[in-house]
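Working notes, beginning with the structure itself.
The values are calculated or read from the model by the stated rules, or taken from the named source; none is laboratory data. Here the structure is a predicted model, which means the values were calculated and not measured. Every residue, glycine as well, gets a Cβ built from its backbone with ideal geometry; the counts of neighbours run over all protein chains shown. These area figures cover heavy atoms from the full protein model, side chains too; ligands, DNA and RNA do not enter into them. Shrake-Rupley method; radii C 1.70, N 1.55, O 1.52, S 1.80 Å.
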Amino acid sequence: MSALTDAIDTLVTANRILAHENVVDAFGHISMRHPDDPNRYFLARSRSPELVEADDILEFSLDNKCIDDKGMNIYIERPIHGSVYAAKPDIMSVVHNHSYAVIPFTVTKTPLRPIVHVAARIGHGVPVWDIHKNFGDTDLLVTTNDQGDDLVTAMGDGRVVLMRGHGATVAGLSVQDAVMTSVYLQVNAQLQMDAMRLGDVTYLHPGEVNIRLARSQNFLGNDRAWEYMSRRAGR
Ligand code: MN
């Protein structure tokens with residue numbers, strides 16, 4: 001396979017993994033910056049991630065125009081992706097999801113914080129963006145480039161932002177990185193909810209998070225997790 005075909009195959013696998021791990025359902029999507037053109041990105045046509053095939057992958061400009069839609073419907077929330085790539089040159093992949101486990105942390109004052117070692121990759125704390133603050137009453141979907149830019153501003157220097165009453169957006173240095181962070185964001189949300197039912201929670205210490213973050217890109221376990229989740233997803 002050519003390098004580009006191989007990259008698109010990885011993006012298809014990422015769609016299947018996110019579906020299999022229940023990070024996405026009928027909705028939610030993952031994109032990948034074009035490996036040869038930083039001003040373009042790849043994203044599936046409007047289709048549930050579990051069903052995405054290589055032929056569904058379309059190319060977009062960073063202002064979220066489809067280069068050739070081949071007559072297919074496209075995701076309305078693509079400004080989430082273009083805005084992240086435009087603002088963060090090191091980011092190579094973006095996931096948007098409606099993970100049920102994270103929603104409670106978007107609508108209450110309880111911060112989502114890393115509680116388990118494998119979730120240190122979500123960062124020290126996760127900000128919450130509220131579309132209502134700057135855009136008033138909407139359908140809560142990120143459908144304009146201004147809304148996408150506002151979301152990325154709320155993400156700040158981190159890799160994750162929660163979206164009030166809606167879901168989450170995750171940025172990654174690779175497709176694998178974005179997928180793993182999305183999966184473990186959900187795991188952390190579930191575990192934090194469980195722990196809070198029992199009583200006071202001891203979160204990861206900031207120094208522990210830093211040590212995990214420093215090695216997360218080179219960690220041998222990343223390949224192991226990717227292989228495991230790919231198999232589980234039938235790839
Ligand atoms: Mn959405």
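Near residue 90: Cβ cut-off under 13 Å, other residues only, Lys/Arg at +1 and Asp/Glu at -1. The net charge is +1. The aspartates and glutamates whose alpha-carbon is closer than 20 Å to the alpha-carbon of residue 109, local same-chain residues fewer than 8 away aside, are 130, 194, 200. For residue 34, neighbours were defined as the other residues whose beta-carbon sits under 11 Å from its Cβ, and their charges (Lys and Arg +1, Asp and Glu -1) total -1. The alpha carbons of the chain give a radius of gyration and a Dmax of 16.9, 54 Å, in that order. Dipole magnitude for the chain: computed about the Cα centre from +1 point charges on Lys and Arg Cβ and -1 point charges on Asp and Glu Cβ, it is near 660 debye. Solvent-accessible surface of segment 3-232, averaged per residue with a 1.4 angstrom probe and all protein chains in place: 47 square angstrom. So if we plug the beta-carbon distance of residue 137 and residue 107 into 1/(1 + (r/R0)^6) with R0 = 25 Å, what FRET efficiency do we get, rounded to 0.05? That gives a FRET efficiency of 0.95. Of the residues 228, 43, 141, the one whose Cα sits farthest toward the positive end of the charge dipole of the chain, with +1 on the Cβ of Lys and Arg and -1 on the Cβ of Asp and Glu, is 228. If you take every residue apart from residue 214 with its C-beta less than 13 Å away from the C-beta of residue 214, what net charge results, scoring Lys and Arg +1 and Asp and Glu -1? Its environment carries a net charge of +2.
The portion of the accessible surface of segment 3-232 made up by carbon and sulfur, rounded to a whole percent, is 51 (1.4 Å probe; DNA, RNA and ligands excluded).
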